[in-house]
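Novice: Once you've had a glance at the structure underneath, I'll fire off some questions.
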Amino acid sequence: MVEGRFGTGETAQTLEATLTLEDTWLIVRDRSGVILYRGSNNKASLSSRLGKTPRTVTFDRDSPSQTFETDNHAGIEAVVTGQGGTRGFLHKLESNLGLVACATALTLGFAIWLAVYAVPAGVKSIALALPDAFLNNAGTHTLYLLDNTYLAPSELSSEDKARIRRMLTPHFEHQSQFLYFRSWIPNAFALPNGSIVVTDELIQLAENDEELIAIVYHELGHVAQRHLIRRTLQDSALLIGLFLLTGDLGGADFLSGVTVTLADLAYSREFEREADFHALAALIASGISKDHYRNILLKLDAWYADNSDGIGNSLSPLKYLSTHPQTSERIEAIDAY
Ligand SMILES: [Zn+2]
């Protein structure tokens, strides 16, 4: 005898009931023993087993209105021998740990493949195809965000600004690229539309114009490869992927994630290497010694090392840059170029 709930099919309501097999008859009785239904076991079917979800007996496959539902899996399988009594494919899969492990490994493998190859490749082609209007908009938005978070107005005199603008902008690749002056830590970075921001602190750190030109060439390398846009798209795609895989964002605030990406301006080693090669090629084409590039990178590295504690904690990008052990690697690559 199996306990469960009987559905008459006439209303959505179910009645507490029991199911027994007598000869070849399935008999449903209510709590007081009154027979509610009697039908042939041969005509009944049992829903497939899937984990702990309740099982449903449909008494007549031709008119499936009356049903009996129970959580007693072993009991119901002993009683109902009609079609469907065998365990379903999903349940077999679920009960087989080997298969489960295998499916999990496949899913993980697919996710990693997506993250490492598919997303970056897709994102690169999207980034390279984005229209100028979109990039200009993204550039304005990024600068606005940075002005409201990290950047302060430049304190350079207008004469100094004019001189540096005259010196640097001929090295830009497009007329539409603009040079912005701001104050922050020693840094330079490219906006999505290719405009470049340099800080007063970088200008003070540089010993000569060539060092600034070298840094600008590096930034133009990020522009040519659309690195900022690619990183932003990649991070958003990964967050969305994570959401699709797990069904929740696990506390990761989607929008703030994107904002942080725009603000922290830290790139992967691969992107830095690409930008370095771009800078070296441009320096050689302009007849400027690559030593200037080497020197400014070492000065930046030393500055970050000295200042990582003092200004550190509130400036996560600074912390990131100072702990990112890549300057020595990059210097080696410059020397080998
Ligand atoms: Zn860079």
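The values are calculated or read from the model by the stated rules, or taken from the named source; none is laboratory data. Worth saying up front: this structure is predicted, and the values here are computed from it rather than measured. In this analysis, Cβ positions are derived from the backbone assuming ideal geometry, glycine residues included, and neighbour counts consider all displayed protein chains.
Novice: Counting just the residues of the stretch 147-192 that are surrounded by 11 or more Cβ atoms within 10 Å (Cβ to Cβ) and among the small types (Gly, Ala, Ser), which one comes out nearest to the chain's Cα centre (by Cα)?
Specialist: Taking the candidates together, the pick is 190.
Novice: Still on this structure, I have one more. Of the residues 268, 256, which is modelled with pLDDT under 80 and within 16 Å of the ligand (Cβ to nearest atom)?
Specialist: Working: 256 fails: within 16 Å of the ligand (Cβ to nearest atom).
So the residue among 268, 256 that is modelled with pLDDT under 80 and within 16 Å of the ligand (Cβ to nearest atom) is 268.
Novice: Of all residues in the stretch 194-251, which are modelled with pLDDT of 90 or more, in contact with an Asp or Glu (Cβ under 7 Å, 6 or more places away or on another chain) and of a type outside the set (Asp, Glu)?
Specialist: 196, 218, 220, 221
Novice: For the stretch 289-310, state whether one or more residues are exposed (fewer than 15 other Cβ atoms within 10 Å of the Cβ), modelled with pLDDT of 95 or more, more than 21 Å from residue 204 (Cβ to Cβ) and not hydrophobic (A, V, I, L, M, F, W, C).
Specialist: Yes, the conditions are met somewhere in the stretch 289-310.
Novice: If I filter the stretch 27-58 down to residues being small (Gly, Ala, Ser) and over 14 Å from residue 2 (Cα atoms), which single residue comes out as nearest to the chain's Cα centre (by Cα)? Walk me through how you get there before you give the answer.
Specialist: Initially, the stretch 27-58 is screened for residues small (Gly, Ala, Ser), giving 32-33, 39-40, 44-45, 47-48, 51.
Now narrow it down to the ones that are over 14 Å from residue 2 (Cα atoms): 32, 39-40, 44-45, 47-48, 51.
Details: 32: 59, 39: 55, 40: 55, 44: 49, 45: 45, 47: 39, 48: 37, 51: 31 Å.
Out of the qualifying residues, it is 51.
Novice: Moving on. Considering every residue within the stretch 171-184, establish whether at least one is in contact (Cβ under 8 Å) with a residue 40 or more places away in the chain and under 18 Å from residue 301 (Cβ atoms).
Specialist: no
Novice: Now for a different question. Listed residues 159, 219, 211; which is within 14 Å of the ligand (Cβ to nearest atom), part of a helix (DSSP H, G or I) and not polar (S, T, N, Q)?
Specialist: 219
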